[in-house]
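Structure first, then comments.
The values are calculated or read from the model by the stated rules, or taken from the named source; none is laboratory data. Because the structure is a prediction, the values reported are computed rather than measured. Here the Cβ positions follow ideal geometry from the backbone for every residue, glycine too, while neighbour counts run over all protein chains shown.
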Amino acid sequence: MRLFRGGLLRHTRATRAPSTPATRHPRNTVSPASTGSRAAAARHTDAFEAATRGATRTRTATARTASARNLPAEVPTGTVDYYRRRHDDFVRRNPGVTPPAYYLEYGQKYLERFNNLGPGELSPKGLEWRDKTLKALQEAIEAKRMEDPVAFAQLERDPEAFKRFCYDTHSHAYVQSGLFKLPAQDLLAIATTPDFKDLLTRDGLRQVGDVLAQMRFSDLVRIGGNTLKQFMRDLIPPFPSLIRTPSLSLPW
């Protein structure tokens, strides 16, 4: 029996057809066609993203350019047309919007009026004060613009708030430019140059109060001394004019 089983087994093993081993593909293997499709898709995606980034950069640059055009421009200070140029700059940036009345109805008006004061109305120190003050008032506006151009542009669009800001800079400019070092003659000429309708407004009275609040007793003494000196200069002609030199007629 063991021989039969052994012979049967040997016969079975001898007659069994050899099996062909199955072809196995390694895992994660991509066919060449599939690889090409994915590479093409990747290239398309990269091109799309590059185009998108380029369009975004273009839109950003355009927006920045437009924003820069809408920002308040720098205007040189110490000029006789400063307020007119600020007015024109606002109109350029805000077509159809009413510009702050302060630019032309106060700033430019009084710049021209004070600029017309000459030696007949102000002493040399008074003329020096005038020039310093006109420049200081313009510099205060430019400093506000440079501090935050966007906020300045918004402030301009509120005429009353802009006027209050400008009025608040007046007293500091007056005093720092040497108002309390002038004689009373100059102070009278300065005080009577503005229209009373502008002085008697709430903002006008407030700026007068701000100036007086900064005055000290020593300032009053200085004003009194300078007033007396100016009175003597006006009363007594310059010394050289009192001396008459003889005229000689020479024969040749």
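Testing S218 on (1) free of Cβ contacts under 8 Å to residues at least 40 places away in the same chain; (2) polar (S, T, N, Q); (3) under 30 Å from P100 (Cβ atoms), one condition comes back false. Which one is that?
Tallying (1) free of Cβ contacts under 8 Å to residues at least 40 places away in the same chain; (2) polar (S, T, N, Q); (3) under 30 Å from P100 (Cβ atoms), S218 fails exactly one: (3).
Residue check: is G118 small (G, A, S) and either farther than 15 Å from I190 by Cβ or out of contact with any Asp or Glu (no Cβ under 7 Å at 6 or more places or on another chain) (or both)? Steps first, answer last, please.
Working: small (G, A, S): yes; either farther than 15 Å from I190 by Cβ or out of contact with any Asp or Glu (no Cβ under 7 Å at 6 or more places or on another chain) (or both): yes.
The answer is yes for G118.
Of all residues in the range 188-206, which are over 32 Å from the mean Cα position of the chain (by Cα) and crowded, with 17+ Cβ neighbours inside 10 Å?
A189
What are the residues in the range 112-124 that are touching a Lys or Arg at 6+ places or on another chain (Cβ under 9 Å) and buried (at least 16 other Cβ atoms within 10 Å of the Cβ), if any?
If the condition is that a residue be touching a Lys or Arg at 6+ places or on another chain (Cβ under 9 Å) and buried (at least 16 other Cβ atoms within 10 Å of the Cβ), then F114, L117, L122, S123 are the ones that fit.
Which of the residues that make up the range 194-220 are outside any helix (DSSP H, G or I) and not acidic (D, E)?
P194, L200, T201, Q214, M215, R216
Being of a type in the set (A, V, I, L, M) and closer than 23 Å to N226 by Cα: is that true of L200 here?
no
For the range 222-242, state whether one or more residues are part of a helix (DSSP H, G or I), polar (S, T, N, Q) and either modelled with pLDDT of 95 or more or closer than 27 Å to R86 by Cα (or both). Lay out the reasoning, then the answer.
Start the filter on the range 222-242 by keeping residues that are part of a helix (DSSP H, G or I), which leaves 222-235, 239-242.
When the remaining residues are screened for being polar (S, T, N, Q), the result is 226-227, 230, 241.
Right, trim to either modelled with pLDDT of 95 or more or closer than 27 Å to R86 by Cα (or both) and you get none.
For the range 222-242, residues part of a helix (DSSP H, G or I), polar (S, T, N, Q) and either modelled with pLDDT of 95 or more or closer than 27 Å to R86 by Cα (or both): absent.
Just to be sure, is A213 surrounded by 11 or more Cβ atoms within 10 Å (Cβ to Cβ), of a type in the set (A, V, I, L, M) and farther than 16 Å from F114 by Cβ?
Here the answer is no, as A213 does not meet what is asked.
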